[in-house]
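> Here it is, the structure in full.
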Amino acid sequence: MRRLFPVLLALLLTCVAVPGQARAAGEVTYDEHSLMVDGRRIVLQSAEFHYFRLPSQELWEDVLEKFKAAGFNAVSLYFSWAYHSPRPGVYDFTGVRDVDRLLRTAERAGLYVIARPGPYINAESTGGGFPAWLKTVPGRARSFEAGYREAYREWLHRINPIIARHQVTEGGPVILYNAENEYQVNTDAAYMQDIQDQARADGIEVPITTNDCCDAGSWSSTWATGPGAVQIPGVDDYPQSFECANPELWGPWGEGLTEKLRDDIPVFAAEYQAGAIDLGNAGYERCRELTGPAFMKFFYKNNLMRTGATMFSYYMGYGGTNWGWLAQPNDVYTSYDYGAAITEARQLTPKYDEFKRQGLFLQAVTPLAKTGAVPSPATSGNAALTTVARANPDTGTQFVLVRHEDRAATSTDETILDWAAPDGRHQVPVQVKGRDAHVLVAGYDLGGQRLAVSSSEIMTHAAIGGRDVAVLYGTAGSPGATVLRYASRPTVKVLEGRVRVTYDEGDLRLDYAHEGLARVLVTGGGRRPLLLLIGTDETAAEFWRAETAAGPVLVRGTELVRSATSYGDTVRLAADTKAGPVEVFTPADRLRIGQDEIRVTRTPSGSLLGATRAPGQAHLPALTGWRAHAESPEAAPGFDDSRWTAADHTTTVSPHKPKTLPVLYADDYGFHYGNVWYRGHFTATGSETRVDLNAITGLRGNYLVWLNGRYLGSAAGGVQADSGDQATPPNPDPGPGRFDIPDGLLKAGAGNVLSVLVATTGHNDDWIADDLRFKQPRGLVAASVGDTPITWRIQGTAGTDRLRGPLSTGGLYGERTGWHLPTYPDKSWNSATGTLPPGVTWQRTSFRLDLPKGQDVPVGLRFGGDPSPAYRVLIFLNGWNIGQYGADIGPQREFSLPAGLLNEHGTNTLALAITAEQPTTGPGPLGLFAYGNVRSGR
Ligand code: GAL
């Protein structure tokens, strides 16, 4: 295409980039200020998204369009090796793993992509993205050692070609390629270099980057220079920590100023905190508070202005779900909501509003892409406040940050800024609330206008119908002043609000307080007309901006605007709506939202005003008719395990040496995720008194033990900390369980059977590039009944579910037999009653849905009552393991049922696999609920 139609593409290049429109092939370069596409500077405003945490291709589009609407122009994507590869040499990129479709979706949404295929990704994902089979491969992971080397090259040669064909240089969205992840400890430069060499050999042409951990200055390898160096190293910053239980914290991990790692590259905030993992089980709403709008205003703006960074990627924009066995169990439970701007159920939060205010500003005010530090204006009369200034050397445009001197201050302070701006000296009032900050602009060609100075912030501006429309904003109640330059006195009409207007020698000065939404129309004065909309944080956040082939439109009052198109005298919005007024700034005369024609009138502001309809009620049925069936037949002595795998290895690749033989590590026998059964057969002498076991499950895991069919009890499995590290040897007794043998249970001189069900919960990460940690086994690590020899068989997941991938299904009897699947015939099961015996019991029900068409109603499953530590529950929706519930699992009571897995217009099956450690009543009552309800006009 590129070669065949150069003229057409040259034409395309001159067009405004409109979502959905094919981009022309471009060249990606950079200098010390910014990235450039075909020589055009861009401020990269990106947020992280994990497709593997949203197993629904149709919803990827929704989330990525929401990114775009918040002013992001890029998305950062980790690619999880574990998600695609059940075993060596086997890779699957179909269905929910179709990353080709993902990259096309990003392109359609109008986003650039930072592609991050690892091989190591961390991300609180199982094994840090490494498939568990890698634990059985010799050679230290994250090094150049043979074994690991062949394995990671295999992954790269599968994923790189997919990424390569979507690069900007091929007309696609991929603008950067990220090698490895926070690779700062136990490093191997040959490995770091080889990842890049493999990428280049696979056709990667865009700049290669990496994300250095946290505080680059404190690490020796930053990959900025020397062997293994990348083109544009970036730095990760998490200044708010992960203490969600204490959301009042303020930068316990520092100021969050992204370091410049080399003189010839832009400052790149490769991962900047935009949420948190919930280490202390406080719940993600607290994480959202910890990293809420105040944090975003202060830390993001402070970083922008003090470092001059022009490349940002916020972690996470949307977190998603650790469905199946995706979680790295030591740090996260099922939800990976992350307290992000967009919730797990795709709802927009006040954090989203703040991203939108900042993101639209970064996209609209282009001189920001190239700035240097300059002297800053004084804050006369108030020492509590301070300023930092930058200017674009080509345009002279100045940017001034106003914040508290003491970043932790909570007082509201005011000052008159004495600003020697490019167009003259001005005194403008500024008010700063505690833990807030403002970036003010002076000397700026705002469309056809000349902004001399303003103490309001700019959200966006657009040329619409032969005039400029600008949205400015400030804290509700604070004073503001805006000065514009004119050749002669213009005509000023205050259409709404209280604004004092003065004119003096070319300076039109507007003074006001930020209240509601003031509207000022300026005509004449030698410039095209200007409509100034001056709002508060809140009223500014009501605006959306979308580009059409006929120019931009601004929209106010909808829940979201995904895109807009114009044809003839009509503008058509793809927008989410509830009942209420909608206002559109457009030269068009007619308005459509989705398929609806909206009756509109023309306002004095020149905009179209109409109203949208309320979404229809969504009916969610009660969950009734539960049927139950006990399983765990493996506990019975007569169970036929002859087709199970013999567990008879005497050696292992794991650096953790077995305490008893044979080796019982589940991964060594090809069983990597979820529950694993063991059956040990022994001929008793009669003198045995105790069963001694030891298991490593990962945090939140446990194991249950039966002897000759009699339940002996349960124990907790060992955790990551038991792995030790270079300084500390591994814990010799990580997950002990000692079970006395009841009198009369043993059959002396005859066959006895020990049955053990181990609930493994996922694999350690490899943050420190240390095999002791990563290759910590899962399953039994020691087993003895006195000195009596035992022969073992093991059984886990029965093959990979082709539809749901390698991480959905574990090795429970019910999973091996399809009890979780919607097609399973459960008619013969009994009605569920209250009490559950130790072991596994399944409960199933089905329900019909018919959600209103053309609406987005995300549905959740809520567990009522209090969970008991006596059980843990695996939840399957239509066969997909969508999470785990229980008092020992995490604070989560609500589970997202994403459309795509959920049949919104038909029958759905819920199956619960409940593992009880002691007799207990089951969980519940369970119910469905809606997280939201909007009309989704596409
Ligand atoms: C970073 C890491 C990410 C993620 C994040 C915390 O250090 O690169 O993958 O783990 O921390 O959520």
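The values are calculated or read from the model by the stated rules, or taken from the named source; none is laboratory data. Keep in mind that this is a model prediction, so the values were computed, not measured. FYI the Cβ positions are ideal-geometry reconstructions off the backbone, even for glycines, and counts take in every protein chain you see. Areas reflect the complete protein model, heavy atoms only, side chains present, ligands, DNA and RNA absent. Shrake-Rupley method; radii C 1.70, N 1.55, O 1.52, S 1.80 Å.
> Quick one: helix 189-201 against the long Cα principal axis of the chain, what's the angle to the nearest 10°, folded into 0 to 90?
Long axis of 189-201 versus the principal axis of the chain: about 70 degrees.
> Something else: Between Thr395 and Ala463, how high is the FRET efficiency from 1/(1 + (r/R0)^6) when r is the Cβ-Cβ distance and R₀ = 22 Å? Nearest 0.05.
0.80
> From the C-alpha gyration tensor of the range 609-741, pull out the three semi-axes of the equivalent ellipsoid (sqrt of 5λ each), sorted largest to smallest, in whole Å. Walk me through the numbers on the way to the answer.
Numbers: eigenvalues 338, 125, 48 Å².
Here the semi-axes work out to 41, 25, 15 Å.
> Something else: Pull out a ≥ b ≥ c, the square roots of the eigenvalues of the alpha-carbon gyration tensor of the range 880-938, then state rounded if a/c is under 1.5, prolate if not and a/b is larger than b/c, and oblate in the remaining case. Before the final figure, lay out the partial values.
Details: a/c = 2.74, a/b = 2.10, b/c = 1.30.
The shape class here is prolate.
> Further question on the same structure: With N set to the number of residues, divide the alpha-carbon radius of gyration of the range 789-938 by 2.2 N^0.38 Å and report two decimals. Don't jump to the answer; show the numbers that get you there.
On the way: Rg = 16.8 Å, N = 150, 2.2 N^0.38 = 14.8 Å.
So the Cα radius of gyration is 1.14 times the expected 2.2 N^0.38 Å.
> Same structure again: Hey, rough spin-label estimate for Ala750 and Arg262, points 7 angstrom out along Cα→Cβ, what's it come to in nanometres?
7.5
> Now for a different question. On C-alpha positions alone, give me the angle between the axis of helix 99-108 and the longest principal axis of the chain, in degrees, nearest 10.
Between the helix axis and the principal axis of the chain, the angle is about 20 degrees.
> If each residue of separation counts as 0.36 nm, what is the full-extension length gain between Arg613 and Val501 once their alpha-carbon separation is subtracted?
Numbers: separation 112, 0.36 × 112 = 40.32 nm, distance 3.88 nm.
Extending this stretch completely gives an extra 36.4 nm.
> Then there's this: Run the simple label-point estimate for Thr833 and Thr412 please: 7 Å along Cα→C-beta, distance reported in nm.
For the pair Thr833/Thr412, the computed spacing is 6.4 nm.
> Sort 44-54, 719-729, 688-698 by the packing proxy (mean of other Cβ within 10 Å over each peptide's residues), most packed first.
On the way: 44-54: 26.6, 719-729: 14.8, 688-698: 21.5.
Packing order, densest peptide first, comes out as 44-54, 688-698, 719-729.
> Hey, another quick one. Out of Pro869, Thr915, Leu926, whose Cα points farthest toward the positive end of the dipole of the range 843-938 (charges: +1 Lys, Arg; -1 Asp, Glu; placed on Cβ)?
Highest projection toward the positive end goes to Leu926.
> Would you mind checking the tilt of helix 148-164 against the longest principal axis of the Cα atoms of the chain, expressed as 0 to 90 degrees and rounded to 10?
Around 40 degrees separate the two axes.
> Would you mind classifying the range 325-470 by shape? Square roots of the alpha carbon gyration tensor eigenvalues, ordered a ≥ b ≥ c; an a/c under 1.5 is rounded, otherwise it is prolate if a/b is larger than b/c and oblate if not. Intermediate results must be reported in sequence, preceding the final value.
Values: a/c = 2.42, a/b = 1.51, b/c = 1.61.
Because a/c hits 1.5 or more and a/b fails to exceed b/c, the range 325-470 counts as oblate.
> Rounded to the nearest percent, how much of the accessible area of the chain (1.4 Å probe, protein heavy atoms only) is carbon and sulfur? Mind showing how you got there, number by number?
Numbers: 15980 of 31710 Å².
Answer for the chain is 50 percent, counting heavy atoms of protein chains only.
> So what is Rg over Rh here for the range 702-761, counting just Cα atoms and using Kirkwood for Rh?
Working: Rg = 15.2 Å, Rh = 13.5 Å.
Looking at the range 702-761, the ratio lands at 1.13.
> Follow-up question, since we're still on this one. Asn246 to Ala201: extension gain in nm, 0.36 nm per residue of separation minus the Cα-Cα distance?
Working: separation 45, 0.36 × 45 = 16.20 nm, distance 4.78 nm.
Extending this stretch completely gives an extra 11.4 nm.
> Report the paramagnetic label zone for Trp253: residues of the range 23-58 whose backbone N is under 20 Å from a point 7 Å from Cα along the Cα-to-Cβ axis.
Backbone N within reach: 46-50.
> Between the range 873-938 and the range 782-802, what's the alpha-carbon centroid distance in Å?
Cα centroid of the range 873-938 versus Cα centroid of the range 782-802: 31 Å apart.
> Across the range 920-932, in residue order, what do the Karplus-derived ³J(HN,Hα) couplings come to in whole Hz, using 6.51 cos²θ - 1.76 cosθ + 1.60 with θ = phi - 60° and x for Gly and Pro?
7, 8, x, x, x, x, 9, x, 9, 8, 9, 7, x
> For a Förster distance of 51 Å, can you work out the FRET efficiency between the beta-carbons of Ser566 and Arg149, rounded to the nearest 0.05? Each step should come with its number before you reach the end.
On the way: r = 54 Å, r/R0 = 1.06.
Here the calculated transfer efficiency is 0.40.
> What order do you get for 389-399, 812-822, 637-647 when each peptide is scored by the mean count of other beta carbon atoms within 10 Å, highest first?
Details: 389-399: 19.2, 812-822: 21.3, 637-647: 13.9.
Result, highest mean Cβ count within 10 Å first: 812-822, 389-399, 637-647.
> Moving on to the next point. Which FRET efficiency value, to the nearest 0.05, is calculated for Thr624 and Arg40 with the Förster distance at 56 angstrom and r the Cβ-Cβ distance? Mind showing how you got there, number by number?
Details: r = 60 Å, r/R0 = 1.07.
It comes out at approximately 0.40.
> Okay, moving on. Using the Kirkwood radius built from alpha carbon pairs, what does the Stokes-Einstein equation give as D for the chain at 4 °C and 1.567 mPa s, in µm² per second?
On the way: Rh = 29.8 Å.
The calculation lands on 44 µm²/s.
> Highest mean first, what order results for 745-754, 129-138 on Cβ atoms within 10 Å? It would help to have the intermediate numbers written out before the result.
Values: 745-754: 15.5, 129-138: 23.5.
So the order, starting with the most tightly packed, is 129-138, 745-754.
> Using helices alone, I'd like the mean residue ellipticity at 222 nm for the chain: each DSSP H run of four-plus residues gives -39500 (n - 2.57), total over residue count, nearest 500.
Numbers: 12 runs with 108 residues, N = 938.
Result for the chain, helices only: -3000 deg cm²/dmol.
> Multiply the residue gap between Asn731 and Arg710 by 0.36 nm, knock off their C-alpha separation, and tell me the result in nm, one decimal place. Before the final figure, lay out each step's value.
Values: separation 21, 0.36 × 21 = 7.56 nm, distance 3.03 nm.
Result for the pair: 4.5 nm of gain on full extension.
> Rounded if a/c is under 1.5, else prolate if a/b is larger than b/c, else oblate: which is the range 513-621, with a ≥ b ≥ c the root eigenvalues of its Cα gyration tensor? Mind showing how you got there, number by number?
Details: a/c = 2.25, a/b = 1.45, b/c = 1.55.
In terms of gyration-tensor shape, oblate.
> Which is farthest toward the positive dipole end of the chain among Pro822, Tyr318, Ala716, measuring Cα position about the Cα centre, with Cβ charges +1 (Lys, Arg) and -1 (Asp, Glu)?
Working it through, the farthest residue towards the positive pole turns out to be Pro822.
> Moving to a separate point now. Once you place label points 7 Å from the Cα toward the Cβ at Gln427 and Arg599, how far apart are they in nm?
5.4
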